[in-house]
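The values are calculated or read from the model by the stated rules, or taken from the named source; none is laboratory data. Bear in mind that the values here come from a model prediction, so they are computed numbers and not experimental data. Here the Cβ positions follow ideal geometry from the backbone for every residue, glycine too, while neighbour counts run over all protein chains shown.
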Amino acid sequence: MSTYHLGEFEEIVLLTVAILNGQGYGNSIINEIEQRLKRNVSLGAMQTVLKRLEEKQLVSSVFGESTENRGGKRKRLYNITSEGKILINQSKEQRNELWNAIPNIALKFC
Amino acid sequence: MTHFPPPPKKMVAFFRWFCKSQFLEELEGDLTERYYFNIDKYGNKKANLLFTKEVLSLLRPNLIRNIQFNHLKNKIMITNHKRLFTFIFIALGLLSVPLVAMQFTNEVNWNVADFLVMGILLFSTAFFCDLVLKKIKTKKYRLIFLLIVLLIFFLIWAELAVGLFGSPFAGS
């Protein structure tokens, strides 16, 4: 059993970081979430969660290249760590377990 | 991207002021990138508004640096306290006049309630004078509001002493 439980938004961010596979940075993660989940995300909320995940060692980061459209500032690229992978796998298994435990009749619509 | 205007300077300066130095580069880059994207999508005016909104959304405890106001705070506190204490000493001085006069003549005869009411009146006036000087910066308005405060003080005093308006608190 893990000692750290992910919140709903933390889980979404962690999964998106995993989807982007080392190429995710603040804006690209926001765009990915907005495209896939049709959900608005502010830069502040995203950065807070990314910093928290990094503190918990669920993601790691390195500086990437600087581009002109960023005013010459470098990106911070995030990647999921092995602890992060274990945690999202656990989370998936727990959810699957719960889904499997629902009796068929409970999901039938009248 | 050189044909786009730079992000609003004041908001950039504000962001640089409050953001932790270790996050400054990446966050400023993200903000700039989103700003140029928004100009392209919505135009300058809305992009400026969205930039402001996003800078404000970054005002979060884990992103804000430890801002030291102490030197400024102490300076303001000393100045304000000095002025307020001056007013309080003036009020105490005025309050001691009848106390001293009572030792030499029977014409002045104040009881505890009289001193209490006068004390409240004088200290309230001192407080409001200090408030006027603290909040109002223009000389002209300072003078006007100080005169209003003093006029109210004298009217209440006169009403309590001799009953100018015939209120229930009027003196005889």
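The test for being exposed (fewer than 12 other Cβ atoms within 10 Å of the Cβ), at pLDDT 90 or above and more than 12 Å from every other protein chain (Cβ to nearest Cβ) holds for B:Lys10. Number of residues in the stretch B:38-78 that are modelled with pLDDT of 90 or more, of a type in the set (Val, Ile, Thr) and out of contact with any Phe, Trp or Tyr (no Cβ under 6 Å at 6 or more places or on another chain) equals 1. Residues that are polar (S, T, N, Q), more than 12 Å from every other protein chain (Cβ to nearest Cβ) and surrounded by 17 or more Cβ atoms within 10 Å (Cβ to Cβ) number at least 3 in none of the helices (runs of 4 or more DSSP H) confined to the stretch A:1-108.
For the structure I just gave you, tell me whether B:Pro5 is modelled with pLDDT under 90, within 11 Å of chain A (Cβ to nearest Cβ) and not in a helix (DSSP H, G or I).
No, not satisfied.
Here B:Val108 meets each of (1) at pLDDT below 85; (2) closer than 15 Å to B:Ala161 by Cβ; (3) assigned to a helix (DSSP H, G or I) with one exception, condition (3).
Checked against (1) part of a helix (DSSP H, G or I); (2) surrounded by fewer than 13 Cβ atoms within 10 Å (Cβ to Cβ), B:Lys134 passes all but condition (2).
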